[in-house]
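The values are calculated or read from the model by the stated rules, or taken from the named source; none is laboratory data. What you are looking at is a predicted structure, and each value in this text was computed from that prediction instead of being measured. Using ideal geometry, Cβ is built from the backbone for each residue, glycine included, and neighbour counts are taken over all protein chains shown. The area values use the complete protein model at the heavy-atom level, side chains included, leaving out ligands, DNA and RNA. Shrake-Rupley method; radii C 1.70, N 1.55, O 1.52, S 1.80 Å.
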Amino acid sequence: MPPARVVSFTLRAAAGLAAGDRTVTVKVADPNGVEATTTVVARVLPPDFAPSVTPSNLVLNAGGAAGTIAAFLTPGSCPPSTDVTITPSGLPPGVVVTPTSALVSPPDFGPALFSFLAGAGAEPGPSTITFTWAPNGATPQTTTATISVCGAPAAPGSP
């Protein structure tokens with residue numbers, strides 16, 4: 001490779017990689033076998049925010065009262081500077097959510113409250129739902145919660 005040539009490359013941190021410095025060795029070789037190596041230090045930053053929900057397991061009675069899940073965004077070292085839209089998806093059949101999405105804004109990113117209601121015909125059993133946090137112009141993050149639907153109460157027996 002001629003000395004005046006510039007080769008660009010991009011480094012990306014794998015999901016879940018702990019924050020800290022990493023030494024990266026770069027090797028350049030030409031077709032004639034001429035090689036050169038150098039090292040660079042890549043700094044992996046903590047996440048921009050951590051998403052969470054509480055409770056992580058919500059029990060609903062088919063045809064009964066609604067239950068609430070609070071979605072939180074805990075800012076990290078580089079928090080979003082714009083609004084973040086939180087959207088639950090993957091609801092079990094017969095379960096509705098209000099609102100269908102919520103917006104949280106900096107700097108407090110206050111919790112978003114979602115109300116889930118299982119209709120009388122909702123299918124009993126547990127389902128995993130996904131909450132997606134989508135900052136404007138940034139990579140979305142997700143977390144999950146479980147909604148367990150109990151069957152509708154049985155009709156009273158005759159006296």
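Closer than 22 Å to THR144 by Cα, open to solvent by less than 50 Å² (accessible area, probe 1.4 Å), over 14 Å from the mean Cα position of the chain (by Cα) and at pLDDT 90 or above: is that true of GLY110 in this structure? Break it down stepwise before answering.
Values: closer than 22 Å to THR144 by Cα: yes; open to solvent by less than 50 Å² (accessible area, probe 1.4 Å): yes; over 14 Å from the mean Cα position of the chain (by Cα): yes; at pLDDT 90 or above: no.
Answer is no for this residue.
In the range 74-85, which residue that is of a type outside the set (Ser, Thr, Tyr) and outside any loop (DSSP other than H, G, I, E, B) is farthest from THR146 (Cα to Cα)?
Quick first cut of the range 74-85, residues of a type outside the set (Ser, Thr, Tyr) only: 75-76, 78-80, 83-84.
When the remaining residues are screened for being outside any loop (DSSP other than H, G, I, E, B), the result is 75, 84.
On the way: PRO75: 24, VAL84: 22 Å.
Residue satisfying both the conditions and the ranking: PRO75.
Report the residue count in the range 45-68 for those that are in contact with a Ser or Thr (Cβ under 8 Å, 6 or more places away or on another chain), part of a strand (DSSP E or B) and closer than 16 Å to GLY125 by Cα.
Kept after step one, since they are in contact with a Ser or Thr (Cβ under 8 Å, 6 or more places away or on another chain), are these residues of the range 45-68: 45-53, 56-60, 66-68.
The next check asks that each one be part of a strand (DSSP E or B); those that pass are 49-53, 57-60, 67-68.
Then drop every residue that is not closer than 16 Å to GLY125 by Cα, which leaves 57-60, 67.
Here the count works out to 5.
For every residue, the table says whether it meets (1) farther than 19 Å from ASP48 by Cβ; (2) assigned to a strand (DSSP E or B).
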position: THR87; (1), (2): no, yes
position: PRO93; (1), (2): yes, no
position: THR100; (1), (2): yes, no
position: ASP108; (1), (2): no, no
position: ALA122; (1), (2): yes, no
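May I ask you to say which residue of LEU60, LEU117, LEU103, LEU91 is farther than 15 Å from GLN141 by Cα, over 14 Å from the mean Cα position of the chain (by Cα) and open to solvent by 70 Å² or more (accessible area, probe 1.4 Å)? Steps first, answer last, please.
On the way: LEU60 fails: open to solvent by 70 Å² or more (accessible area, probe 1.4 Å); LEU103 fails: farther than 15 Å from GLN141 by Cα; LEU91 fails: open to solvent by 70 Å² or more (accessible area, probe 1.4 Å).
Step by step, each of LEU60, LEU117, LEU103, LEU91 is checked, and only LEU117 is farther than 15 Å from GLN141 by Cα, over 14 Å from the mean Cα position of the chain (by Cα) and open to solvent by 70 Å² or more (accessible area, probe 1.4 Å).
Kindly indicate which of ALA36, ALA71, ALA42 is among the hydrophobic types (A, V, I, L, M, F, W, C), at pLDDT below 95, open to solvent by less than 50 Å² (accessible area, probe 1.4 Å) and outside any loop (DSSP other than H, G, I, E, B). Spell out the reasoning first.
Values: ALA36 fails: open to solvent by less than 50 Å² (accessible area, probe 1.4 Å); ALA71 fails: at pLDDT below 95.
Matching residue, one of ALA36, ALA71, ALA42: ALA42.
Being at pLDDT 95 or above, closer than 30 Å to ALA14 by Cβ and among the polar types (S, T, N, Q) is the requirement here; does THR87 meet it? Outline the logic, then answer.
Values: at pLDDT 95 or above: yes; closer than 30 Å to ALA14 by Cβ: yes; among the polar types (S, T, N, Q): yes.
So THR87 passes the test.
Please determine whether any residue of the range 43-62 is over 30 Å from GLY94 (Cβ atoms) and touching a Phe, Trp or Tyr at 6+ places or on another chain (Cβ under 9 Å). First the steps, then the outcome.
Step one: filter the range 43-62 for residues over 30 Å from GLY94 (Cβ atoms), giving 43-50.
Then keep just the ones that are touching a Phe, Trp or Tyr at 6+ places or on another chain (Cβ under 9 Å); that gives 49-50.
Looking through the range 43-62, at least one residue is over 30 Å from GLY94 (Cβ atoms) and touching a Phe, Trp or Tyr at 6+ places or on another chain (Cβ under 9 Å).
Picking from ASP48, ASP83, which residue would you name as being charged (D, E, K, R) and touching a residue at least 60 places away in the same chain (Cβ under 8 Å)? Break it down into steps so the answer makes sense when it comes.
Working: ASP83 fails: touching a residue at least 60 places away in the same chain (Cβ under 8 Å).
From the options ASP48, ASP83, the qualifying one is ASP48.
Cβ contacts < 8 Å: first residue more than 14 Å from VAL44 (Cβ to Cβ), restricted to the range 1-22; second residue modelled with pLDDT of 80 or more, any location; separation 6+ or different chain. Result?
So the pair list comes out as MET1/VAL28; MET1/ASP30; MET1/VAL34; MET1/ALA36; VAL7/VAL28; PHE9/VAL26.
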